[in-house]
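The numbers here are math on the coordinates, done by the rules we state, and not lab data. Not measured: the values here are computed from a predicted model. Positions of Cβ are generated from backbone atoms using ideal geometry, with glycine treated the same way; all protein chains shown enter the neighbour counts.
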Amino acid sequence: MPASQQHRFSQIILDEPLRKFLYENAITPNNYTGHREELRALFPDEVACDRFIRSYLTPVGMLSYRQFLKSPQHMDLFLHPRYIQQALHIHDFIEIKYLLSGSGTVHAGKELLFLQEGDFCFIPPYAPHSSEIYADESTMINLVVPIEHVHALFPRLMSFDNPLQHFFGSELMLRPASGFLHIHSGGDAAIRNLMRQLLDYFSGAHRSPSGEIWAESALEQSFLRLVVLQEGRPGSRLRLTDEDRRIHAMVDYIRANLQVVTLADVAASFHFSQPYTSRYIKAKTGYTFQMILLISRMEEAAHLLRETDWPVEQIASEVGLSGKTNFYKQFKSFYGMNPAAFRNETRSPST
């Protein structure tokens, strides 16, 4: 990306000063207002700061596309910040995630999706979800697409029978719980080039009506290319493959046995050797077995802190991290605050 076009996203990817500030001050949705001026100083402008606060520090609730789009825009694009444990949230627009590089996760209901380079994840309106990326080399593009603009954005895509037309159709939009769509593009160079061009355009300070039309056309081209690629695979309808089902089953097994699970257990359960299982998990998710185990343990611990009155020692045991000191260290490293502070900041009033 040319240096002159880096302005809009120069801080939203969370460079070291911002990451350090969030960690040292244990910034949460409930306390960021006391640090507003300090936060503002870490961003290139007020717009970038407001966007970050709205998307990642606003207490859990409804995000609206009206917070992102300015008339006559039909869509918007922004980068997902790294190293943020995002709160579960919903919004009134379709969100489309694309992994330009590295790997990331999307929490869709009870499912944990692992995105690798070149993957798309389509998230319908009103579906609870969150997403994270935890590596400097990972870049996740987020696209905001309001339902009411779908036909204007994708006239050709919506003109013939294809799986993405089904996704964008009104019937599926009314059933968000079953509507997540995770698609492997296989790192297609044409799609990657189109998404890079979109990122360059939305990164720039100058926008124009002709540029907006070009951006809309480029996004539709990438989706049409995606449909063509999937049609070239026998029997493919943009659904889970056997490989997808196997890795999902492995992750489900890990999450169901947090207290005692080992790599050897997973290998034995799926009839693979340990070295092969280790390589397979890393290849299919972008994460090691130990990282998946840690993410799963921290998610369950966070859930129990929010929803129960269990002592911290009991929660640590429940997720398989014996020893209060070890649990505190792991939890603070992951969430940026100790378990007691997390419970105070995030639990619902009805708990």
Legend entry - Charge sum, other residues only, whose C-beta stays under 11 Å from His149's C-beta, Lys/Arg counted +1 and Asp/Glu -1: -3
Inset, instruction - Would you list, by chain and number, the lysines whose Cα falls below 25 Å from the Cα of Lys97, excluding same-chain residues fewer than 8 positions away? - result: Lys70, Lys110, Lys282, Lys284
